Amino acid sequence: TSAPPPSKERRMSRFSGSVKLKYVKLGYQYLVNHILTFLLIPIMAGAAVEILRLGPHEIIAVWNSLLRLDAVQILCSAFLIIFIATLYVTSKPRSIYLVDYACYKPPVTCRVPFSTFMEHSRLILKDNPKSVDFQMRILERSGLGEETCLPPAIHYIPPKPNMEAARGEAEVVIFSSIDALMKKTGIKPKDIDILIVNCSLFSPTPSLSAMIVNKYKLRSNIRSFNLSGMGCSAGLISIDLARDLLQVHPNSYALVISTEIITPNYYQGSERAMLLPNCLFRMGGAAILLSNKRRDGGRAKYRLVHVVRTHKGADDKAYKCVYEQEDPQGKVGINLSKDLMVIAGEALKSNITTIGPLVLPASEQLLFLVTLIGRKIFNPKWKPYIPDFKQAFEHFCIHAGGRAVIDELQKNLQLSPEHVEASRMTLHRFGNTSSSSLWYELAYVEAKNRMKKGDRVWQIAFGSGFKCNSAVWKCNTTVKNPVDGPWSDCIERYPVHIPEIVKL
């Protein structure tokens with residue numbers, strides 16, 4: 001027999017208790033976060049009372065004593081104030097602004113519905129039905145939708161991943177993104193001072209950055225960089241590099257391109273661990289314009305606040321958990337280790353330990369510190385306190401590496417479904433677009449008209465090596481009804497329900 005439902009009085013008591021606990025927590029947070037204000041108020045009040053106790057003659061005497069200071073004292077004081085102010089201004093880092101960005105939107109002809117993907121798998125792997133079944137199970141649970149895209153060369157049977165096709169994909173993705181960005185910002189090619197391109201697995205000669213210089217006839221003194229082999233978190237590494245360069249080169253624009261070229265990296269073997277990327281990775285790219293010019297502060301969408309990078313490559317398991325290699329038949333692919341999520345969790349812990357003190361309010365830092373001390377001194381079995389990052393950020397952009405990645409971060413950071421909505425919907429609509437996925441997620445938040453002035457955004461990405469990188473942005477201006485972007489023709493349909501298993 002089932003237990004009787006709780007009485008009305010008991011339900012009201014529980015509700016009352018939860019409300020009281022909520023207000024106790026809010027009161028604690030307000031008190032700790034404003035502790036300096038609460039300490040200064042009594043001091044200022046005491047000083048005001050003492051001043052009021054002085055008579056008019058005593059106040060005039062104090063004023064006259066101040067006026068008796070000689071010229072040398074006045075000059076020394078003025079010099080000291082000017083020196084401190086100059087030192088502060090010169091040592092303060094330049095503000096780095098994200099003027100705007102653009103994401104590549106693949107054409108309808110590149111779409112890969114589930115039925116098409118599985119039909120191709122059956123034809124390509126006709127001698128290995130177990131691998132076909134494995135890919136079907138992965139796709140059913142992947143969280144991807146029917147509109148993700150693969151480059152034209154992969155649509156052939158068998159695929160034709162040659163150098164010419166790879167260059168063609170790189171040109172259409174990168175050039176389309178740059179053209180869209182230049183149209184949005186009005187920037188000219190000659191205005192670009194710094195160029196950074198990140199693409200992990202496709203590294204031709206001349207480089208992709210040289211390809212862009214040639215296409216847009218960029219200046220001969222441009223500072224160009226091409227980052228390869230750095231995984232899905234390379235986009236934030238590019239942002240970090242751009243920030244450092246903009247700190248030492250005043251009055252400059254930095255163009256950052258984040259992409260992954262799929263064509264030459266489509267695995268055609270039958271090793272299960274190497275078939276996973278075929279099911280998850282899709283076509284995509286983004287172009288981002290950064291500036292350190294003060295006049296761009298008014299029109300820029302965001303200001304860069306922090307970049308925190310964590311590298312776990314010293315550990316052998318972490319180093320090899322995402323590893324490019326040949327299978328026994330000599331076919332090259334990416335091997336994803338079964339320990340990937342455990343290693344990602346450890347990298348995340350290291351990263352949030354660093355970023356926490358930079359962004360969390362004092363109330364959360366105090367609770368974390370007290371719990372840490374308690375576990376070290378009193379009882380190691382105490383449950384560790386997980387800081388509430390929802391107090392530090394309004395929006396979360398978690399790398400859409402796969403459903404398991406998003407699930408793990410949602411659990412570890414105690415986020416609501418709304419906080420991870422942008423990541424899940426990006427995975428559903430565009431798949432894992434590697435380093436550019438964070439920008440599709442940011443575009444989703446903007447397309448939903450959720451980005452308000454003053455909002456804080458946390459971008460989190462994982463990459464081979466193994467790396468976990470974070471970037472924190474603050475919104476400069478409310479983003480209203482963007483008419484362009486990758487979500488312009490489908491945002492009304494989102495969010496959609498994504499079942500645990502899609503039966504194929």
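The values are calculated or read from the model by the stated rules, or taken from the named source; none is laboratory data. All values derive from a computational prediction rather than experimental measurement. When we count neighbours, we look across all protein chains shown, and the Cβ atoms used for this are built from the backbone with ideal geometry, even at glycine. These area figures cover heavy atoms from the full protein model, side chains too; ligands, DNA and RNA do not enter into them. Shrake-Rupley method; radii C 1.70, N 1.55, O 1.52, S 1.80 Å.
A convex hull fitted to the Cα coordinates of region 259-368 yields 174 cubic angstrom per residue. Available extension along the chain between residue 41 and residue 122 is 21.8 nm, counting 0.36 nm per residue and deducting the alpha carbon span.
For the chain, build the charge dipole from Cβ charges (+1 Lys, Arg; -1 Asp, Glu) around the Cα centre, then report which of 496, 370, 410 sits farthest towards its positive end. My answer, from the dipole projection, is 370.
Ordering 163, 256, 468 by the projection of their Cα atoms onto the charge dipole of the chain, which places +1 on the Cβ of Lys and Arg and -1 on the Cβ of Asp and Glu, puts 468 at the extreme positive end.
Selection among 287, 358, 143 by position relative to the dipole of the chain gives 358 as farthest towards the positive end (Cβ unit charges, Cα centre).
Taking a ≥ b ≥ c as the square roots of the eigenvalues of the Cα gyration tensor, region 199-341 is classed as prolate, since a/c reaches at least 1.5 and a/b is larger than b/c.
Two numbers describe the Cα atoms of region 184-279: Rg and Dmax, which are 15.8, 52 Å. Sorting 212-221, 50-59, 467-476 by their mean Cβ neighbour count within 10 Å, with the most densely packed peptide first, gives 467-476, 212-221, 50-59. Applying 1/(1 + (r/R0)^6) with R0 = 22 Å to the Cβ-Cβ distance of residue 411 and residue 228 gives a FRET efficiency near 0.10.
Bridgeable aspartates and glutamates around residue 293 (alpha carbons under 18 Å apart, same-chain partners fewer than 8 residues away excluded): 100, 191, 193, 240, 244. Dividing the summed helix terms, -39500 (n - 2.57) for each DSSP H run of n ≥ 4, by the number of residues in the chain produces a 222 nm estimate of -15000 deg cm²/dmol to the nearest 500. The lysine pair tally for region 342-501, using Cα distances under 18 Å and a gap of 8 or more places or different chains, is 16. By the Cβ distance rule of under 4.7 Å, the chain has these cysteines without a partner: 76, 103, 199, 232, 279, 321, 397, 468, 475, 490. Each residue, residue 377 and residue 219, gets one label point 7 Å from its Cα in the Cβ direction; the gap between the two is 5.8 nm.
Judged by the mean number of other Cβ atoms found within 10 Å, the most tightly packed of the peptides 323-329, 399-405 leads the ranking 399-405, 323-329. Across region 435-504, the volume of the C-alpha convex hull divided among the residues equals 139 Å³ per residue. Only helices reaching 18 angstrom along their own axis (Cα) with mean Kyte-Doolittle hydropathy no lower than -1.0 count here, and for the DSSP H runs of the chain these are 8-33, 35-53, 71-91, 129-141, 163-185, 234-248, 340-359, 362-377.
Computed over the chain, the percent of Cα pairs more than 30 Å apart is 56.
Modelled spin-label separation between residue 324 and residue 79, with each label point placed 7 Å from Cα along the Cα-to-Cβ direction: 6.1 nm. Here residue 160 is the anchor, and the lysines within straight C-alpha reach of less than 27 Å, apart from those fewer than 8 places off in the same chain, are 105, 126, 130, 215, 331.
Which percent of the accessible heavy-atom area of region 96-479 goes to carbon and sulfur, probe 1.4 angstrom? Carbon-and-sulfur percentage of accessible area, whole number: 54. Only Lys, Arg, Asp and Glu carry charge here, each on its Cβ (+1 for the first two, -1 for the last two); on that basis region 96-479 has a dipole of about 960 debye about its Cα centre. Note that the chain presents 52 Å² accessible area per residue, ligands and nucleic acids not counted, probe 1.4 Å. When all alpha carbon pairs of region 312-418 are counted in 10 Å bins from zero, the resulting P(r) reads 12, 34, 31, 16, 6, 1 %.
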